[in-house]
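See structure below.
The values are calculated or read from the model by the stated rules, or taken from the named source; none is laboratory data. Note that the structure is predicted; figures quoted are calculated from it, not measured. All Cβ positions, glycine included, derive from the backbone under ideal geometry; neighbour counts span all protein chains shown.
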């Protein structure tokens with residue numbers, strides 16, 4: 001939920017993302033009120049683009065996105081991290097790929113994850129699949145996740161559901177929390 005993927009006219013703006021911002025904000029509020037750990041996963045690249053995956057190098061060379069130290073790489077103001085929340089920087093779609101996320105989760109004895117954000121077929125899906133592979137109990141918060149189109153979103157949600165990911169709406173999350 002960074003500026004370069006959310007704000008109108010952003011380099012890689014995900015259409016319709018504005019509709020999930022209130023839902024994600026509600027989840028953040030809930031987790032903060034319950035003093036549960038919050039992890040903000042940020043895609044951040046070097047200005048040179050040397051760490052951009054091969055499939056996005058051409059796009060990045062024309063319109064750099066999520067460049068370290070720029071406003072585009074920052075979390076949108078409505079969802080900005082607060083003191084005590086964890087920030088994980090990544091250069092690939094999965095929040096687990098070459099990051100310390102798994103180490104931090106295990107150190108905190110976390111075994112259940114609730115995933116929200118964008119984009120359903122890319123960062124969300126790869127993170128969810130990797131979390132499952134690491135044996136986390138995973139819930140995708142369906143109405144707090146978005147993609148370029150509803151059809152893409154729904155197809156990927158169904159795929160995640162078919163491999164055993166829990167699919168819930170924001171309204172269901174409170175009953176699933178400690």
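What to note about this one:
- Test: residue in the range 160-170 that is part of a strand (DSSP E or B), within 28 Å of residue 33 (Cα to Cα) and within 12 Å of the chain's Cα centre (by Cα): no
- Residue 126 vs. criteria closer than 27 Å to residue 69 by Cα, surrounded by 15 or more Cβ atoms within 10 Å (Cβ to Cβ) and without any contact (Cβ under 8 Å) to a residue 40 or more places away in the chain: yes
- The range 15-41: number of residues that are within 14 Å of residue 79 (Cβ to Cβ) and at pLDDT 95 or above: 17
- Selection within the range 70-89: residues that are without any contact (Cβ under 8 Å) to a residue 60 or more places away in the chain and assigned to a helix (DSSP H, G or I). The member of this set that is surrounded by the fewest Cβ atoms within 10 Å (Cβ to Cβ) is 77.
- Counting the residues of the range 145-159 that are outside any loop (DSSP other than H, G, I, E, B) and either closer than 21 Å to residue 90 by Cα or more than 16 Å from the chain's Cα centre (by Cα) (or both) gives 9.
- Criterion violated by residue 13 - all others in (1) part of a loop (DSSP other than H, G, I, E, B); (2) without any contact (Cβ under 8 Å) to a residue 40 or more places away in the chain; (3) crowded, with 16+ Cβ neighbours inside 10 Å; (4) touching a strand residue (DSSP E or B) at 6+ places or on another chain (Cβ under 8 Å) satisfied: (4)
- If the condition is being more than 23 Å from residue 100 (Cα to Cα) and either part of a loop (DSSP other than H, G, I, E, B) or free of Cβ contacts under 8 Å to residues at least 12 places away in the same chain (or both), then the range 55-69 contributes 55, 56, 57, 58, 62, 63, 64.
- Cβ-Cβ under 6 Å pairs, at least 6 apart or on other chains, the range 131-155 side without any contact (Cβ under 8 Å) to a residue 40 or more places away in the chain and on the phi > 0 side of the Ramachandran plot, far side assigned to a strand (DSSP E or B) and surrounded by 19 or more Cβ atoms within 10 Å (Cβ to Cβ): none
- Note on the range 16-54: residues that are crowded, with 19+ Cβ neighbours inside 10 Å, assigned to a loop (DSSP other than H, G, I, E, B) and touching a residue at least 60 places away in the same chain (Cβ under 8 Å) total 1.
- Residues being outside any helix (DSSP H, G or I) and touching a strand residue (DSSP E or B) at 6+ places or on another chain (Cβ under 7 Å) - total across the range 120-140: 5
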